Amino acid sequence: MVKWLRWISMRVAIVADVHGNLAALEAVLEDLDGVRPDVVVHGGDLAFNGPRPVEVVDRVRELGWPGVIGNMDQALGGRPTEARLAWARERLGPERTAWLQELPLQWREADRLALVHAVPGDPWRVVNPEASDEELREIYGPLGAAVAVYCHIHRPYVRRLGDLTVANTGSVGLPHDGDPRASYLVVEDGRLEHRRVAYDVERAVAEVLASGLPLAEAVARTYRTGLFSRQP
């Protein structure tokens, strides 16, 4: 009973998909000062495809946030042939890269809240907001939590399915829902709130264009539009 009472008064912030965008992360940290969560958890994909991977990873480690591994965190542990992965891995170095590989696939608070990057046991599978209720229950119901949260798709939403709520955090550093503001999720006593935080987009654009990151022009376009862009 004591643990349950602790949970219902507990405010959890979930910060995911920073993707090396330090300007966006710093704005979220300032917003968190006002939200004052009891715990902040990260949802993975901290470093890849942004200009400041080292600073982002170091800041999260300094803050001591627990978290889960993202698909691109996992990819950095292999032998990356994709140019942006190789660029990020070279800058991170072996110790930071190894730290990312040690992150778990799941974080949870008893049977109340469970966090995965994509789906249970797999940080790569894409589950879009258009998924049916049946598909969401089939995928996230086995977590056995009242609230199941995932990241990965950069498109925030909440779906209530009776005794199960499924939510996506959105992305701090690379939103894909047409809103360029950073997105993160706050969960408290079954209530879910997406926080949208404006940040200095032009600072992030300048940093990525000056960084030498491959396909930097496409990343800059995503910063400005909040929409996925692959072409330079």
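Bear in mind these aren't lab numbers, they're just calculated from the coordinates by the rules spelled out. Bear in mind that the values here come from a model prediction, so they are computed numbers and not experimental data. When we count neighbours, we look across all protein chains shown, and the Cβ atoms used for this are built from the backbone with ideal geometry, even at glycine.
Using just its DSSP H runs of length 4 or more, each adding -39500 (n - 2.57), the chain gives a mean residue ellipticity at 222 nm of -11000 deg cm²/dmol after division by all residues.
Our analysis of the range 127-225 gives Rg over Rh at 1.08, with the two radii drawn from alpha carbon positions and Rh computed by the Kirkwood formula.
A simple packing score, the average count of other Cβ atoms within 10 Å per residue, orders the peptides 199-206, 61-68, 44-51 as 44-51, 199-206, 61-68, with the highest score first. Against the chain, whose longest principal axis is taken from its Cα atoms, helix 53-63 shows a tilt of about 40°. Taking every Cα-Cα distance in the range 2-225 and sorting them into 10 Å bins from zero, the calculated P(r) comes out as 8, 36, 37, 16, 3, 0 percent.
For the peptides 173-181, 85-93, residues were scored by their other Cβ atoms within 10 Å and the scores averaged per peptide; the highest-first order is 173-181, 85-93. Taking Cα atoms only, the orientation of helix 22-35 departs from the longest principal axis of the chain by about 30 degrees. The charge dipole of the chain, taken about its Cα centre with unit charges on the Cβ atoms of Lys, Arg (+1), Asp and Glu (-1) only, comes to about 60 debye. Residues 171, 132, 229, ranked from the fewest to the most other C-beta atoms within 10 Å, line up as 132, 229, 171. Computed from Cα positions, the angle between helix 83-101 and the longest principal axis of the chain comes to roughly 50 degrees.
A Stokes-Einstein calculation at 37 °C with viscosity 0.692 mPa s, built on the Kirkwood radius of the range 1-106 over Cα pairs, returns a diffusion coefficient of 227 µm²/s.
The DSSP beta bridges internal to the chain are antiparallel in roughly 65% of cases.
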